[in-house]
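The structure appears below as structure tokens.
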Amino acid sequence: MLEIVARRYGGVPGPMTNQVREVIFAPKPGPLYAGMALMMVVLTWRQRFIAAGAAIGIDVVFVLVRWAVGAKAPEGHFFGNGALWVLLGCAVIAITRRTGRERVLLLKGVGLGLLLVAGRKIGDTWLLITSKTRPAVLDPYLATADHALGNPSWLAGRILRASGPIATLLDVVYAQLAVAAVVVALYQLRNVAAERRFPRHHLVRTFLVIGLLGPAIYMIFPVVGPIFAYGPGTSGTGGVQWAVANLWPHTPPPIHTPHPVPYDAITPRNCMPSLHTAWATAIFIHSRKGPRILRFAGAFWLIATLSATLGFGYHYGVDLVAGVVFALTIEAAVRSFDRGWDRQGIQLVAYGTTVFAALLVSYRYLPMEMAQHPWVFGPLLILAMASVVYGFVRTTERWEPKTPKATPARQPEPQPELV
């Protein structure tokens, strides 16, 4: 469906065509090698070294052939074919050389790696569809509602512009969110090769479901973000000519009755909810059971991602509130699906869904009231988000297996000594 829609609305190849092209043409290496790394959790160490060596060798051959024939590759797309060839080769080996549980395990590993790659392609296609099918954006509604939180994007934007090198660090964190997800996932899947089975639940599943459902909200609530709607835009997209006003980040927008505004057919409408916030929240949750360094890294990535989304003008504060609720609701639903739906799981998912829907409705139909009464609606927004966080923590703690307390060894009673 996405392949057909991409060709019809955008006149460009869809995710399936782009994936097939990368067997020969230069791809972006990051997603492919990340997918191969996830696939290798099912392999032994010897097989991992062989797979990695084969991928690098194939890439060297492709690079040399492109250099010999003078083929030009897009910037940052120099190699990566080798990782895709190894993924496909492992699928062939699983079908032709493996049987029973070993075949299923290897195919699951290949499927996990290809899902990560396909998810990126599908996401790019969805962004194209939002820009082509939603000519009007609802940024004035969110900018007005954001007064209830004190216009955090404007404040963070001014702070970040004065911070110097911190902005460079946050830019790297924002762009490499998938790297953090792969690191946490590899830790969670570290025992797959030894146990010959996948754990019941891991980060990749939540990550993919967030990316699958998020674009549906983009279509319902199309928003481009402060830097595009109220600022100079960025290279290649947006700009002052499409902006409501050139205000970001120095002058918060005035409070007036909002209305949809037209925007270009290039910039993705990908702000509501903030999926970067949702993904960073999922990384934070799944890093809690890791070693101390992984827990610190998960907390750092969440804080840095929230700072970057606001400071670079990619999101409004209300986007982040919705993103946290969105992530926790999906995480609760995936865990409930794994362990079997019970009363607590159904209640938590229903409550998270209700709060998320209430946020969207209030942003769309009560922005003026939110802006005019910030001391009422601001705490209400934070309280609504905090209630979902509290419900998630309380419910998931009950789901954790109870570890019996160690009973102290009984000391033998002193016996009378014979005289």
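Using the Cβ atoms and a cut-off under 14 Å, what net charge is assigned to the surroundings of Asn191, where Lys and Arg are +1 and Asp and Glu are -1? In short, +4.
Along the axis of the charge dipole computed for the chain (Cβ charges of +1 for Lys and Arg, -1 for Asp and Glu, origin at the Cα centre), the listed residues Thr251, Pro165, Val41 are led at the positive end by Val41. Highest GNM mean-square fluctuation, the chain, Cα pairs closer than 10 Å: which of Gly340, Gly30, Gly313? Of Gly340, Gly30, Gly313, the Gaussian network model singles out Gly340 as fluctuating most. Our compactness index for the chain, the C-alpha radius of gyration over the empirical 2.2 N^0.38 Å, is 1.13.
Taking K and R as +1 and D and E as -1, what net charge do the other residues with C-beta under 12 Å from the C-beta of His315 add up to?
Numbers: positive: none; negative: Asp139, Asp146, Asp319.
Once all neighbours under 12 Å are counted, the net charge is -3.
One Cα centroid belongs to the stretch 1-44, the other to the stretch 128-200; the line between them spans 21 Å. When the chain is described by a simple charge dipole with +1 on each Lys and Arg Cβ and -1 on each Asp and Glu Cβ, the residue from Asn81, Leu138, Ser362 located farthest towards its positive end is Asn81. Assuming charge only on the beta carbon of Lys and Arg (+1) and of Asp and Glu (-1), the dipole of the stretch 55-129 about its Cα centre is about 320 debye to the nearest 20. The label point for Ala167 and the one for Arg8, both projected 7 Å from the Cα toward the Cβ, are 4.3 nm apart. The portion of the accessible surface of the chain made up by carbon and sulfur, rounded to a whole percent, is 68 (1.4 Å probe; DNA, RNA and ligands excluded). First select every other residue whose beta carbon is under 13 angstrom from the beta carbon of Ser336; then total the charges, Lys and Arg +1, Asp and Glu -1. That sum, taken over residues with Cβ under 13 Å, equals +3. Residues whose amide H comes within less than 5 Å of that of Val261, counting only those at least five positions distant or on another chain, are Val137, Asp139 (H built at 1.01 Å from N in the peptide plane).
Dipole magnitude of the chain about its Cα centre, charges +1 at Lys/Arg Cβ and -1 at Asp/Glu Cβ only, in debye to the nearest 20?
Details: 38 positive and 20 negative charges, 270 e Å.
Result for the chain is approximately 1300 debye, rounded to the nearest 20.
Looking at the stretch 223-285, the accessible area is 38 square angstrom per residue; that uses a 1.4 Å probe and ignores ligands, DNA and RNA.
At 222 nm, what helix-only mean residue ellipticity would the chain give, in deg cm²/dmol to the nearest 500, using -39500 (n - 2.57) for each DSSP H run of four or more?
Numbers: 19 runs with 274 residues, N = 419.
Dividing the helical sum by the residues of the chain leaves -21000 deg cm²/dmol.
A 1.4 Å probe run over the protein chains yields, for the stretch 290-389, 45 Å² of accessible area per residue, whole-number rounding. Taking Val92, Val117, Val184 in turn, the Gaussian network model of the chain (Cα-Cα springs below 10 Å) assigns the largest fluctuation to Val92.
The largest-to-smallest principal axis extents of the Cα set in the stretch 21-80 are 39, 19, 16 Å. Annotation: extensible slack from Glu400 through Phe296 equals 35.2 nm (criterion: 0.36 nm per residue apart, minus Cα-Cα distance).
Sorted largest first, the principal axis extents computed over the alpha-carbon atoms of the stretch 251-386 equal 47, 35, 35 Å.
The values are calculated or read from the model by the stated rules, or taken from the named source; none is laboratory data. For clarity, every value in this text was computed on a predicted model and none was experimentally measured. Heads up, the Cβs are rebuilt from the backbone with ideal geometry, glycines too, and the neighbour counts pull from every protein chain shown. With ligands, DNA and RNA removed, areas are computed over all heavy atoms of the protein, side chains included. Shrake-Rupley method; radii C 1.70, N 1.55, O 1.52, S 1.80 Å.
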